[in-house]
Amino acid sequence: MTSTLESGDVRAGRLSSAEYAENFSDLHPPLDHHEALVEADRCYFCYDAPCMNACPTSIDIPLFIRQIQAGNPVGAAKTIFEQNILGGMCARVCPTETLCEEACVRETAEGKPVKIGELQRHATDTYMARELPHPFKRAASTGRTVAVVGAGPAGLSCAHRLAMHGHDVVILEARQKPGGLNEYGIAAYKATNDFAQREVEWLMQIGGIELRLGQRLGSDFEVEDLVNQYDAVFIGVGLPSAYALDLPGSDLPGVESAIDFIARLRQAEDKSTLPVGQDVVVVGGGMTAVDAAVQSKLLGARTVSLVYRRGREQMPASRYEQDLAAAHGVHLVFNAKPARINGANAVESITFEYTASEGGKLTGTGETFEISADQVLAAIGQWMEADTGELELDGTTLARTDGNLSLSPYGRKVWVGGDCAHGGEDLTVTAVEDGKIAAESIHATLAG
Amino acid sequence: MADLSTNFLGIKSPNPFWLASAPPTDKAYNVERAYEAGWGGVVWKTLGEAGPPVVNVNGPRYGAIWGPDRRLLGLNNIELITDRDLETNLREMTEVKKRWPDRALIASIMVPCEEKSWRDILPRVEDTGADGIELNFGCPHGMSERGMGSAVGQVPEYIQMVTEWCKEFGKLPVIVKLTPNITDIRYPARAANKGGADAVSLINTISSIVSVDLDNFSPNPSIDGRGSHGGYCGPAVKPIALNMVAEIARDPETRGLPISGIGGVSTWRDAAEFIALGCGTVQVCTAAMTYGFKIVQEMIDGLENYMDEKGYETIEDFRGMAVPNVTDWQYLNLNYITKAKIDQDLCIKCGRCHIACEDTSHQAITSMVDGVRHFEVMDDECVGCNLCVNVCPVENCISMVPMATGETDPRTGKTVEADYANWTMHPNNPMAREAAE
């Protein structure tokens, strides 16, 4: 990495190579065959299963677990892929503790849900490891063309489903690699061994999808161009712009967005080249904040504080994620908001003000404290950098109707989904579902 | 403190838990380990004639079926009787009995169906000090092809004949071990009784193919690509064994004939059930082969605990208590009406009761009430079948509650009668109608 990223005591190479390797290995080693069978045996095969209803992509969880149990992990994987073509990544990154596993009746019964996420990974990994033929075949070509903007989970899911229905798809991706947040935004220890890229390559085996990289909406093409050239357009560009801290001192070297920090980390083959502060403060309370905080610690930071402006209960990151951070030595601070960043030539500390919530409204109490820091990572949200042409916005995200059809002036030609669409939940799995719903809606429209 | 000691045909043992004649009792080493672990008695693995012993296959002898978490539910074997020579076995039995005088030692015997064979072996077995003999008329594989084992047990006349020889030429109590591979267990039991048997023991293993290898299409256990039926045992066979025991216990011809119960006994509870159906001892094999001899500790303690709780001082205090309650279907009380009741505090909302009832039974359990996932029995549809209880993963979450006399059954609209009434009295029964006319 470039030395300009270094400031104060922000520097690379804090650890031995063995420590880097250990720190960035798989968060959960995959279940082996025996572990998977033992775990699969715990599933009750519930009727109208709560786990399945809690899954944004409605994977038939009892069925795929029964398939694992019956010695058919390949069939299990197909059951998963039918609903969620990125089932491999979702198995790794889904906050299952707030989705399927929270709903598991064994959570009710014993406080120990079936490890659905890990079983899903077992099935999908098994399928991909066996290098079997792609599980889906394209329908006969319809001769219709669809542009998909963004090669993140929403775009990939949409493109795959459209290709399956026989449409010809072109994906336009701004970055140099496909995958979106799977490639750039998720903690490294959740997607080891270049899984995001391997999954995209596997997904593309369906055929009928052309991937064009380095194509940025608003600079390389406009929505209008696509509307003119294609039969339908899907926009799933995510929320590419991070909100920056707007405080005195927030322009000091050592202050940056957590998103950029994570993206750099994900792209670095050699983690020892990554500069990290001696004392790091992460501001925010979502999964990105936790990912940034934990990985700072893993890169060798001495202290990492994660400061969230509201209480623990309001924190968007799940209790599981909070505990993960705490277990890695991250100091969690609640009910405090940043007031100013202090330092002469680089960050030296950050001053926070305690907050109180009155009727849902957050106010400063006037009481402040200071944390030493040579690196401050802001994870306070992202937004749609709106060069969206004529597309209608709903707040800072794209407005949509049922089937993810956009409220656009282009008629029934533009669909939206994923984080860029209003109501996006910042989860890979909901983006996948959005793409799937949009694809079915596009298909129905084109067929109609 | 309950006294578990038993006196079965005059054979005393400190508890009713015997190891069945099987691999765990093939030699002194195993038997002494069993006694050390606390087993009350042992039926030594079946002895054959003097001379060259039988040989076993040298490939796999066992196959199994499993429940969740690979818990062994049923075991199948193609092992034969002891493959050690008679002299070795007799010598070891003598030594072991001397060292363990307070434990029961029974000799299981299987020799050809000829008087001479039995006359020869009986005195030799008696010389060991063994407390009794058990005639292996049950083994369904290998030996049966040679006219022994279940080949004898399937012909009541042979059973009676051999039993008579053993009573005539031997001095020891005779236990006849019965095969379940017949149509009606009462016939071989009656034959044993007529032959003068002191007791019967049952069940021996059930003829079975436990699984088929789907790669080489051989039955398992597979011996060089081929398999033959074996004998099935373990928890899966317990219900079959209980029924056969009950049939003998309540048959007018064999009522009172002592029984040693065998078949899937794995815990104290299983043993207590066999005893409640009249058994004086129980014999165990698969549970020991699965977990080792230590399991007897749980069996002894559990049975003691049960007896203490119930106030039974000896096994005899509750032995056979269930026998009078075993009846034929036609005598069951049709005025006994139950409804399933789901304890909502225990319910984990898996919905298995609903789908079992909805798909396969009487559509009597809700899945959704006022838009909320909720499982509740609809009394006006519930026939009281108990399927929901059986499929529920939570113990005691669903129970069958009898309706009180005078209540109206919402399913039929009829008042619950106090009187006992069975099929023989029912107006729909043509024979009952004829009798009334």
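Here are a few things to note about the model shown:
- Over 29 Å (Cα to Cα) - which of B:Lys310/B:Lys349; B:Lys45/B:Lys294; A:Lys112/B:Lys238; A:Lys78/A:Lys112; A:Lys115/A:Lys297; A:Lys112/A:Lys137 fall in this group: B:Lys310/B:Lys349; A:Lys112/B:Lys238; A:Lys112/A:Lys137
- Qualifying GluC sites (Glu not before Pro) in the stretch B:225-280, DSSP loop, other Cβ atoms within 10 Å at most 13: B:Glu253
- Look at where the Cα atoms of the stretch B:190-216 and of the stretch A:237-307 average out, and the two centres are 72 Å apart.
- Angle between chain B longest axis and helix B:86-99 axis [Cα atoms, degrees, rounded to 10]: 70 degrees
- Length-normalised contact order for the stretch A:242-381 - Cα pairs under 8 Å, 6+ apart - percent: 33 percent
- For chain B, DSSP calls about 45 percent of its internal beta bridges antiparallel.
- All aspartates and glutamates inside 20 Å of B:Lys194 as judged from Cα atoms, apart from same-chain residues fewer than 8 positions distant: B:Glu114, B:Glu115, B:Glu134, B:Glu157, B:Glu164, B:Glu168, B:Asp184, B:Glu247, B:Asp251, B:Glu253
- Hydrodynamic radius of chain A by the Kirkwood approach over all distinct alpha-carbon pairs: 22.9 Å.
- Straight Cα distances below 14 angstrom link B:Lys341 to the aspartates and glutamates B:Glu376, B:Asp379, B:Asp380, B:Glu381, B:Glu395, with same-chain residues fewer than 8 positions distant left out.
- Remark: mean inter-chain Cβ contacts per residue of A:40-46 equal 5, using a 10 Å Cβ-Cβ cutoff to other protein chain atoms.
- Chain A: angle of helix A:153-164 to the longest principal axis, Cα-based, in degrees nearest 10: 10 degrees
- Calculated FRET value between B:Arg84 and B:Val394, using beta carbons and R₀ = 41 Å, to 0.05: 0.25
- Trypsin sites (Lys or Arg not before Pro) within the stretch A:352-428: DSSP coil, no more than 16 neighbouring Cβ in 10 Å: A:Arg412
- Rounded Å value of the spacing that divides the Cα centres of the stretch B:406-437 and the stretch A:77-124: 53 Å
- Placing pseudo-labels 7 Å out from each Cα toward the beta carbon at A:Ser25 and A:Ser241 gives an inter-label distance of 4.3 nm.
- Full-stretch length increase - A:Ala263, A:Asn72 - with 0.36 nm per residue and alpha-carbon distance subtracted: 65.1 nm
- Based on C-alpha pairs under 8 angstrom that are at least 6 apart in sequence, the stretch A:33-129 has a relative contact order of 32 percent.
- Amide H to amide H distances under 5 Å link B:Val284 with B:Trp18, B:Leu19, B:Ala20, where only residues 5 or more positions off or on other chains count and H is placed in the peptide plane.
- Proximal charge balance of A:Asp32 [Cβ under 14 Å; K/R count +1, D/E count -1]: -3
- Cβ-Cβ FRET estimate between B:Val416 and B:Val323, R0 fixed at 35 Å, reported to 0.05: 0.75
- For residues of B:66-72, the mean tally of beta carbons on other chains within 10 Å: 3
- The stretch A:1-82 - Rg over Rh from alpha carbon coordinates, Kirkwood radius: 1.28
- Stretch gain in nm, segment B:Glu407-B:Asn386, where the contour uses 0.36 nm per residue and the Cα spacing is subtracted: 5.5 nm
- Gained length - B:Asn333 relative to B:Val55, 0.36 nm times residue gap less alpha-carbon distance: 94.7 nm
- One Cα centroid belongs to the stretch B:142-165, the other to the stretch A:29-53; the line between them spans 49 Å.
- For B:Phe274, neighbours were defined as the other residues whose beta-carbon sits under 12 Å from its Cβ, and their charges (Lys and Arg +1, Asp and Glu -1) total +1.
- For the stretch A:255-337, the relative contact order comes to 29 percent (Cα pairs under 8 Å, sequence separation of at least 6).
- Förster radius 51 Å - calculated FRET efficiency between A:Thr108 and B:Thr290, Cβ distance, rounded to 0.05: 0.95
Readers should treat all values here as calculations from the given coordinates under stated rules, not as data from a laboratory. All values reported here derive from a predicted model rather than from experimental measurement. Here the Cβ is made from the backbone with ideal geometry for all residues, glycine too, and neighbour counts use every protein chain on show.
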